[in-house]
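Down below is the structure, laid out as structure tokens.
Only the coordinates and a few stated rules stand behind these numbers; no lab work does. This structure is a prediction, so every number in the text was calculated from the model and none was measured. No Cβ is skipped: glycine too gets one built from the backbone with ideal geometry, and neighbour counts run over all protein chains shown.
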Amino acid sequence: MDQFLNNEFFDWIKKVAETIENYEGDKITVVHHNDADGLTSGAILSNFCECIDKKSDLVCIEKVHPAIVEKIHEGKEGEIIFYTDLAGLAAEMIDKIDAGRNSVVIIDHHPAKAIESENVIVFDSEIAGISGDLFTSASTLNYIISTTISKEMRKFAYLAVIGAVGDYHDRSGGVLGLDRYAVEEAVHLGQLKIKIEDVKERYYIKFFNEFADVIAKRLTNLGAIGYENKGYKKGIKACLEGFDEEIVKEAERLENLKKEKFSRALDKLSEGDLHQEKYCQWFNLGDFFSPMGVKAVGEFLQMTKDMRIFSESKYIIGFQNMPDRIPDLGKINLNASKMSGRVPVPMERKIFRGEAPGLDYLVPAASEKIGAFADATHRIAAATTLQKGREEEFIRAFEKLVDDFYRKKLDKQVKPPQTLF
Ligand SMILES: [Mn+2]
């Protein structure tokens with residue numbers, strides 16, 4: 001495995017192994033994300049706990065938020081808490097809230113910030129210079145860590161592959177980098193067969209008698225669309241025991257629910273819920289997408305952004321309420337709204353040509369103006385979480401930023417602001 005891994009990995013794995021070895025408690029909390037990569041990661045880690053004779057307590061969350069972290073760490077002392085497929089950027093916040101009470105291991109492949117801490121280990125491929133968007137899923141990282149510590153865990157190579165496919169790491173034709181290592185392991189162990197279809201590899205998983213992309217989609221439906229009803233629990237169970245007919249039906253039902261909700265949301269927009277500003281068009285769906293998780297609004301925009309209902313020369317911004325209940329944690333007063341931004345294709349081109357400011361600049365900047373914090377931001381797709389009720393303020397700040405950009409551009413030919421990422 002050495003040829004695949006950067007040196008940091010070995011240090012991190014050693015630290016994780018030491019943390020586990022010195023641990024006298026009998027329970028490990030595993031906090032995981034709710035898409036296919038997050039579910040397979042949760043399944044791998046819960047089995048890993050079993051392998052090292054510990055009980056696991058799984059907590060599925062959609063986003064890392066201080067109020068959620070507080071609730072998870074509440075009353076815990078001297079325990080181990082894993083965070084996976086999220087929290088790479090939240091190490092500092094988690095460290096602060098935990099205040100040295102527990103050992104925290106963050107295993108993530110999203111952009112991250114390393115921190116100096118006795119109690120918090122950030123195991124993130126991005127810190128080692130490996131793109132988590134291209135070369136490794138969280139499930140692959142979990143596979144690498146757990147198999148390095150316990151060989152028995154190799155029986156779950158197929159789960160690492162499903163997580164990678166769930167995050168679309170096969171989009172260039174097949175998975176690459178560390179994910180490829182998981183595929184090779186799975187082939188070698190007789191768990192997987194590679195089939196070539198058109199321009200793409202597909203990974204047939206013997207355990208499920210089904211292709212990885214089909215399984216990944218089912219898992220994401222269960223975890224993300226069925227989030228508020230704990231669909232992820234059924235997904236994780238299926239990861240380890242297989243899908244029975246009932247779970248397959250449930251995943252299909254959720255897929256249909258999503259389609260129906262999306263089409264009704266489009267109706268609402270055409271009936272007057274879409275507001276027009278000078279530079280953007282926006283809507284607030286409130287609780288309409290419940291019981292789907294907060295990813296729904298982003299996915300909805302991704303699917304509809306080029307439909308005729310939207311003006312092709314304006315940014316599109318959608319809001320949905322974040323529920324004040326985390327299924328595994330109970331009531332938490334988040335009082336938050338999730339904002340998601342996308343742009344129609346002609347606008348995308350303008351942004352890439354530098355003729356219009358990108359969302360990677362506008363969304364964090366507008367968020368800052370109203371005291372919110374932006375999540376993952378890219379030039380043509382971005383999301384942020386803000387206080388409920390401040391949606392219009394966000395729109396005003398956004399509009400002003402675009403306006404300022406064009407004013408400056410008129411003054412002198414300026415390049416659009418560049419961001420750090
Ligand atoms: Mn992931």
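Can you run phi through the Karplus equation (6.51, -1.76, 1.60; θ = phi - 60°) for region 136-147 and list ³J(HN,Hα) in whole Hz, with x for Gly and Pro?
Values, residue by residue: 8, 8, 5, 4, 5, 4, 5, 5, 4, 4, 5, 6 Hz.
Output needed for region 2-215: three equivalent-ellipsoid semi-axes, defined as square roots of 5 times the C-alpha gyration tensor eigenvalues, in descending order, whole Å.
29, 17, 16
Find which of 156, 270, 283 sits farthest along the positive direction of the dipole of the chain, computed with +1 on the beta-carbon of Lys and Arg, -1 on that of Asp and Glu, about the Cα centre.
270
Using the reciprocal of the averaged 1/r over all distinct C-alpha pairs, how large is the Kirkwood radius of region 95-236 in Å?
16.2 Å
So what is Rg over Rh here for region 277-421, counting just Cα atoms and using Kirkwood for Rh?
With Rh from the inverse mean 1/r over Cα pairs, Rg/Rh is 0.99.
Using a simple spin-label model with points 7 Å from Cα along the Cα→Cβ vector, what separation in nm is obtained for residue 67 and residue 392?
The modelled label-to-label distance comes out at 2.3 nm.
I'd like the distance separating the alpha-carbon centroids of region 1-69 and region 223-239, in whole Å.
That distance is 19 Å.
Roughly how far apart, in whole Å, are the Cα centres of region 248-306 and region 97-176?
31 Å
For Cα pairs less than 8 Å apart in space and 6+ apart in sequence, what is the mean separation divided by the residue count of the chain, i.e. the relative contact order in percent?
About 11 percent, as a whole number.
GluC sites (Glu not before Pro) within region 118-177: which are DSSP loop residues with at most 13 other Cβ atoms inside 10 Å?
Counting only loop positions with at most 13 other Cβ atoms within 10 Å, the GluC sites (Glu not before Pro) in region 118-177 are 118.
What residues have an amide H closer than 5 Å to that of residue 211, excluding those fewer than 5 places away on the same chain, when H is modeled at 1.01 Å from N in the peptide plane?
205
How large is ³J(HN,Hα), in whole Hz, for each residue of region 10-25 in order, when computed from phi with the Karplus curve 6.51 cos²θ - 1.76 cosθ + 1.60 and θ = phi - 60°, using x for Gly and Pro?
5, 4, 4, 4, 4, 5, 4, 4, 5, 4, 5, 4, 7, 8, 9, x
Give me the extension gain from residue 150 to residue 370: residue separation times 0.36 nm, minus the current Cα-Cα distance, reported in nm with one decimal.
Contour length minus the Cα-Cα distance gives 74.4 nm.
Using the Cα centre of the chain as the reference point, and only Cβ charges (+1 on K/R, -1 on D/E), how large is the resulting charge dipole? Debye, rounded to the nearest 20.
Here the chain has a charge dipole of around 1340 debye.
What trypsin sites (Lys or Arg not before Pro) does region 343-412 have in DSSP loop regions with at most 11 other beta carbons within 10 Å?
Answer in residue order: 353, 412.
Strictly greater than 30 Å: what percent of every Cα pair in the chain meets that?
Above the 30 Å cut-off, the chain has 44 percent of its Cα pairs.
Please report 162, 236, 247, 215 as a ranked list, fewest other C-beta atoms within 10 angstrom at the top and most at the bottom.
So the residues, fewest neighbours to most, are 247, 236, 215, 162.
Run lengths n ≥ 4 of DSSP H only: what is the helix-derived mean residue ellipticity at 222 nm for the chain, with -39500 (n - 2.57) per run over all residues, to the nearest 500?
Here the helix-only value at 222 nm equals -13000 deg cm²/dmol.
Between residue 375 and residues 5 or more places away or on another chain, which pairs have amide H atoms under 5 Å apart, with H built 1.01 Å from N, and which residues are they?
Long-range HN contacts for residue 375: 383, 384, 385.
Which order results if 65, 188, 378 are arranged by neighbouring Cβ count within 10 Å, fewest first?
Listed from fewest to most nearby Cβ atoms, that is 188, 378, 65.
Using amide H atoms built 1.01 Å from N in the peptide plane, name the residues 5+ places from residue 284, or on other chains, whose amide H lies under 5 Å from its own.
Hits under the 5 Å cutoff: 319.
For region 235-243, what does the Karplus curve 6.51 cos²θ - 1.76 cosθ + 1.60, with θ = phi - 60°, yield as ³J(HN,Hα) per residue in whole Hz, taken in order and with x for Gly and Pro?
Per residue, the Karplus-derived 3J(HN,Hα) values read x, 5, 4, 5, 3, 9, 10, x, 8 Hz.
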